[in-house]
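The values are calculated or read from the model by the stated rules, or taken from the named source; none is laboratory data. Since the model is a prediction, treat every value here as computed from it, not as a measurement. Cβ placement follows ideal geometry from the backbone for every residue including glycine, while neighbour counts extend to all protein chains displayed. These accessible areas exclude ligands, DNA and RNA; they are computed on the full protein's heavy atoms, side chains included. Shrake-Rupley method; radii C 1.70, N 1.55, O 1.52, S 1.80 Å.
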Amino acid sequence: MAFEQQMKDLFEKTASWITPELENAFPSGVREDITVKAAMYSLMAGGKRIRPMMIYMSSKMLGLTDEDMHIAAKFALALELIHTYSLIHDDLPAMDNDDLRRGQPTCHKAYGEAIAILAGDALLNRAYEILFEITKDHPRCSYAASNMARLAGICGMIGGQSIDIASTDKLIGLDLLYDLQKKKTGALIECAVTTPYYLIGDPADDKAQMLVKLASDLGLMFQIRDDILDVTSSAEVMGKNTGKDERDDKATFVTLLGLEGAAGKLKEEYDSALSVCRELEKAGLDSSDYIALTDYLFNRDK
Ligand code: IPE
Ligand code: IPE
Ligand code: MG
Ligand code: MG
Ligand code: MG
């Protein structure tokens, strides 16, 4: 409760920071193309924008200049494009076969499968174009850009989706479940939390390592809560169908450990995230927004 107003402010600030970027994600000359319309349909449907919010929070915490805030907004745009493409493909009949996303019919339900596949491809390619544009103007951002590509790929999100699909209908061990969840959800969250640091700091130093650890805890919290909400929440609240993981025999924290077991793991990550926030404070960084976010991720109901 104590953090409710702080989170409301952060959601509002993120929205006003990132919405104009999202609205202009594609050049005006291609906006009438059916694939771009499908991509924009999913992009503007109203996601929580958690990943852009983390980029915003880290940028503020690290005291980025106005010029770097502008660059960070471009990274946030690229990341939200990648996230939205991952959702469009995740919902396809060949993957999770879902018909509701962000409170409206999934992209393939609205535009057909072929256009939905292309819409995902177009979002991913546009994201890379944006990253190349950034590094052309600001070569010092090349580590952050290549790191985003790495975390979106087989060592990150796609790798996690690959394990997710391969584990369906199978009983997997806890180690593989952690690997799956860290990659499929944790990787893009790591990218969000750390990208602003890579614009100004050394990826190998202690602060970078603290941010990676914080992101790992937050990423796991995010996905464990997603797994819990799949059982305890409703389509009306979530804007996506629930009860899917059990139906599809998915490997999740809940299907493996039960609701109570999953809640225990969520609490472990919550405690760990708060202790990293305290370390960041000791290192001279104001982590109050991340403390509020940790509380939000622990309790979120959508
Ligand atoms: C959904 O992500 C996919 C997962 C990683 C669980 P979000 O819950 O961030 O989805 P949106 O962006 O708010 O729709
Ligand atoms: C998907 O995880 C994570 C992605 C990389 C898109 P889920 O399949 O659990 O996400 P939801 O529940 O459909 O949003
Ligand atoms: Mg999935
Ligand atoms: Mg899914
Ligand atoms: Mg899920």
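Once backbone amide H atoms are built at 1.01 Å from N, Arg101 has Thr106 as its partners under 5 Å, excluding neighbours fewer than 5 places away on the same chain. Probing with 1.4 Å while keeping every protein chain in the model, the per residue accessible area of the chain equals 43 Å². Would you look at the GNM of the chain, springs on alpha carbons closer than 10 Å, and say which of Ile228, Ile130, Ile172 moves the most? Among Ile228, Ile130, Ile172, the largest mean-square fluctuation in the Gaussian network model of the chain belongs to Ile172. Partner aspartates and glutamates whose Cα lies under 15 Å from the Cα of Lys267, excluding those fewer than 8 positions away in the same chain, are identified as Asp217, Asp226, Asp227, Asp295. Surface composition of region 7-99: carbon plus sulfur atoms contribute 52% of the solvent-accessible area (1.4 Å probe, protein chains only, all chains present).
Here's the list of lysines a cross-link from Lys13 could span, going by alpha-carbon distance under 19 Å and ignoring same-chain residues fewer than 8 apart: Lys48, Lys60, Lys74.
Ordering Met95, Met53 by accessible surface, largest first, gives Met95, Met53; the 1.4 Å probe counts only protein heavy atoms, with every chain in place. Summing charges over all other residues whose Cβ lies under 12 Å from the Cβ of Ile50, with Lys and Arg as +1 and Asp and Glu as -1, gives +4.
Within the shell of other residues whose beta carbon sits under 12 angstrom from the beta carbon of Met238, the net charge comes to +3, with Lys and Arg scored +1 and Asp and Glu -1. Think of it as helices only: each DSSP H run of n ≥ 4 in the chain is worth -39500 (n - 2.57), and spread over all residues that comes to -23500 deg cm²/dmol at 222 nm. The separation of region 266-302 from region 113-176, counted between C-alpha centres, amounts to 26 Å. Of the GluC sites (Glu not before Pro) found in region 1-98, the ones in coil according to DSSP and having at most 10 other Cβ atoms within 10 Å of their Cβ are Glu32. Counting only protein chain heavy atoms and rolling a 1.4 Å probe, the accessible areas of Leu62, Leu176 rank, largest first, as Leu176, Leu62. Pairs from the list Lys207/Lys250; Lys213/Lys302; Lys182/Lys207; Lys37/Lys244; Lys8/Lys213 with a Cα-Cα gap above 30 Å: Lys207/Lys250.
Computed with a 1.4 Å probe on the full set of protein chains, the accessible area for Tyr143 sits at about 100 Å².
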